[in-house]
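The values are calculated or read from the model by the stated rules, or taken from the named source; none is laboratory data. As the structure is a computational prediction, the values presented were derived from the model and not from experiment. Cβ placement follows ideal geometry from the backbone for every residue including glycine, while neighbour counts extend to all protein chains displayed. We work out accessible area using only protein heavy atoms, side chains counted, and drop any ligands, DNA or RNA first. Shrake-Rupley method; radii C 1.70, N 1.55, O 1.52, S 1.80 Å.
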Amino acid sequence: MPYAPAQRTGPAYWLRCMIAATLPQDVLPAGVVPIIYLPGISRADIRAIEECPKPLQPLAELQYRGVLWTHKNGRDWTVAGFLQSADGGLGIAVSGDAATREALERALLKLAYEPLARLKKEAPLKAAFFDELLNPDQARRLLLWLNDPEGYSHGLAPAEWYSFCDLCKRKYGFHPVDDGALTAAERLGAAQGAWATVWARYNENPEGYPNLPALLRRARPQLALFDARQPYWPQDTEAAEGDLRAALLALAAASPAAARRGIAHLEAEHGPRRGWIWAKLGQAPLAKALQRLVTLTQATEKPLSGATVGDIATAYTQKGWQADAAALDALAAVEAAEDVAAVKSAIATLYRSWLEGAATALQTAVLGNPAANYAPDGLNRPPPAADAGTCILFSDALRFDAGMKLVAALERRGLSCATGWRLAALPTVTPTAKPAVSPVAGLMTGSREPGLTPVVEATGASSTVAVLRKLLEGAGFQILTGDALGDPHGMAWTELGAIDQYGHEHGWKVAHHLAGELRSLERRIEALLGHGWQRVIVVTDHGWLLLPGGLPKVELPQHLTVLRKGRCAVLKTNAQTDQHTVPWHWDKDVRIAVASGIACYEAGKEYEHGGISPQECIVPVITVSKPVAAAAQEVAVTGVTWKGLRCTVNMTGAGAGMTADIRTKAGNAATSLAAPKPIETGAASLLVPDDDQLETAAFAVVLAADGSLAAQMPTTVGGQM
């Protein structure tokens, strides 16, 4: 290398001196790890010191004192290899065809300045992408410069920079050097003329230009006092969010009807902001929450009512649950304390009276004669029946609205869901209601001991988790813990979820937590069905009430109770109370007090259950299966592993007579690089005999018995270099 200390380049001996800190000038700071870049030199060139070219010999021994940056297989990185490798590289898919490799080489200098977020979004990267980098659209070039003026200019050759400046002057009316980035940002925010296209381009992918919001903030011109707020400046969105926050807080003093009118006016004013760029960047959470509050106003406009328990259950499962979902969604849209307070204020006004009315309606329908009204024939359905190929998945406190979200997610994944409902056992607490929904409920009865936990009728043992599992095993159920999948030819019971625990501990924040719970259930159900289970039946014990700001408190003296919980209590024999009472599910002689309306026996509760309300009592039963058309497993290549020129192709769903091959063109048998091999136990071993094909882009293909293409996966002969 030429000696150029200012650029820190020079011959090998100079590099050694720099590393040893023996030169008086340009000493490396203490603790800095030096990186030596040797363009055009491979690992093989310095591997054997005695055979190493003399100009490199002073550096060769550093490989034993340092680390060579190579692929995990020991070979030198290729650009495509570094882009694609998930182990030490960027993990970005790149097409393996020759045209893409050539375009990548041409565009390398441009590629180095591309944001990783864009590369991942555009994957798999192909020749057209790299060619566009060499001839990018003008709007994007301008945005890249605005995002990093100094870095972008340093990445251009002098001729390219001159061309860019000339373009800006001719088309956009400013000069990058003479006028600067603030002038350009002000024109971007005006979005007039040619700048309108640039703003539209920014609006397509604002995450790709993370420094632009701060620049736009600085560039905003001074506007007149009553100028309308515009979508171009972050300050305008912040001011609008402040106005919306104040308006939502003010709803605390409004009637439900006035609050509904207020939400409609706020939606007309602030709803359009959900289409602004700042909403995409997460800077308009209240505008997003407002959309859910609009749904809440619509869902609570009419009371949930019915003459019988069945009528109320039908109304709730058809539409009523949408009010609960909207309240949770509005809370999930905000995180900052001041935004949470505003949304809570609106929800309390819109939701509380509707929630109270729904609970009162169900209590009225039940309490005249609980034994007759709550569980007539066919209404309080027995626990789901299970047969071979059925796995019952118990999820604690999967409220009906959460169950409907789970159904929607599963159906998006292509699964079939049959949704039903049942009434939770009273009182709606886990010790009582979980055994009642199990397939072994008939083996249990009430206990005279204080508490709400039934016992095994044959032994008197309390139905703890361990006892319940033992009963299930005795009834022929496999107990699947953790990620276990079991034998899909039998029956199984598995449990997943901690919604109830989180709700009791964190109150309204369960709205944020719920999304993760549902994702876990999705993955678990998919895994079970993928393993071969014919159906998964999702059951739960009870639902819950959630009211931001707290549920009201009602008094029940402690001395009247054997056990008192949030919304229910076991009364002492002959205790007199003005509270509603119902018989215990497991022993009709045990009286249970249930709080009226949505009240609690303890103060300060946002989240609670145990009483009678649609949210607590009407719970989902969801039967999930694969569609009939998908019952036969689809053929798919799941992996290709190379050891030199031999590869193992793994697959699922392969049937009799199928073969595997390696081809440069998946559908053309004439491009085969190996002799096709039959598939045995989901795998085939193939050899590419010509070592000249090393690093050739190819496809691992699975062929049906008639020779047609059943599945394919891109690969590179020899593995990714």
Any residue in the range 492-506 that is in contact with a strand residue (DSSP E or B) (Cβ under 6 Å, 6 or more places away or on another chain), closer than 23 Å to ALA408 by Cβ and part of a strand (DSSP E or B)?
yes
List the pairs whose first member sits in the range 10-25 and is more than 16 Å from GLN63 (Cβ to Cβ) and of a type in the set (Gly, Ala, Ser), whose second member is open to solvent by less than 70 Å² (accessible area, probe 1.4 Å) and part of a loop (DSSP other than H, G, I, E, B), and whose Cβ atoms are under 7 Å apart, counting only residues at least 6 apart or on separate chains?
ALA21/LEU28
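Scanning the range 475-496 for residues that are free of Cβ contacts under 8 Å to residues at least 24 places away in the same chain and either open to solvent by 60 Å² or more (accessible area, probe 1.4 Å) or within 25 Å of ALA397 (Cα to Cα) (or both), which turns out nearest to the chain's Cα centre (by Cα)?
Narrowing the range 475-496 to residues free of Cβ contacts under 8 Å to residues at least 24 places away in the same chain: 476, 478-479, 481-482, 484, 487.
Subsequent filtering for residues that are either open to solvent by 60 Å² or more (accessible area, probe 1.4 Å) or within 25 Å of ALA397 (Cα to Cα) (or both) retains 478-479, 481-482, 484, 487.
Values: GLN478: 30, ILE479: 28, THR481: 24, GLY482: 21, ALA484: 23, ASP487: 29 Å.
So the residue we want is GLY482.
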Could you go through the range 382-392 and let me know if any residue there is within 31 Å of the chain's Cα centre (by Cα) and open to solvent by 10 Å² or more (accessible area, probe 1.4 Å).
yes
Pairing a residue in the range 156-168 that is touching a residue at least 12 places away in the same chain (Cβ under 8 Å) with any residue that is open to solvent by less than 10 Å² (accessible area, probe 1.4 Å) and hydroxyl-bearing (Ser, Thr, Tyr), where Cβ atoms lie under 9 Å and the two sit 6 or more apart in sequence or on different chains, gives none
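Regarding ARG273, is this residue touching a residue at least 40 places away in the same chain (Cβ under 8 Å), open to solvent by less than 30 Å² (accessible area, probe 1.4 Å), basic (Lys, Arg) and under 30 Å from LYS302 (Cβ atoms)?
Values: touching a residue at least 40 places away in the same chain (Cβ under 8 Å): yes; open to solvent by less than 30 Å² (accessible area, probe 1.4 Å): yes; basic (Lys, Arg): yes; under 30 Å from LYS302 (Cβ atoms): yes.
Spelling it out, ARG273 is indeed touching a residue at least 40 places away in the same chain (Cβ under 8 Å), open to solvent by less than 30 Å² (accessible area, probe 1.4 Å), basic (Lys, Arg) and under 30 Å from LYS302 (Cβ atoms).
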Could you name every one of the helices (runs of 4 or more DSSP H) located completely within the range 105-197 that has at least 2 residues being in contact with a Lys or Arg (Cβ under 9 Å, 6 or more places away or on another chain) and open to solvent by 20 Å² or more (accessible area, probe 1.4 Å)?
127-134, 180-190
Per the list (1) open to solvent by less than 40 Å² (accessible area, probe 1.4 Å); (2) within 30 Å of ALA511 (Cβ to Cβ); (3) not aliphatic (A, V, I, L, M), residue check on ARG413 breaks on (1)
When (1) buried (at least 21 other Cβ atoms within 10 Å of the Cβ); (2) farther than 26 Å from VAL538 by Cα are applied to TYR316, the one that fails is (2)
Are there strands (runs of 3 or more DSSP E) fully within the range 511-629 with at least 2 residues that are out of contact with any Gly (no Cβ under 6 Å at 6 or more places or on another chain), open to solvent by less than 40 Å² (accessible area, probe 1.4 Å) and touching a residue at least 24 places away in the same chain (Cβ under 8 Å)? List them.
535-539, 568-571, 580-584, 587-594, 618-625
In the set ALA674, ALA666, ALA700, the lone residue that is touching a Phe, Trp or Tyr at 6+ places or on another chain (Cβ under 7 Å) and open to solvent by less than 30 Å² (accessible area, probe 1.4 Å) is ALA666
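Is one or more of the residues making up the range 127-146 closer than 18 Å to ARG220 by Cα and within 36 Å of the chain's Cα centre (by Cα)?
Within the range 127-146, the first condition is being closer than 18 Å to ARG220 by Cα, and the residues that meet it are 143, 146.
Going one step further and asking which of them are within 36 Å of the chain's Cα centre (by Cα), we end up with 143, 146.
Yes, the range 127-146 has at least one match.
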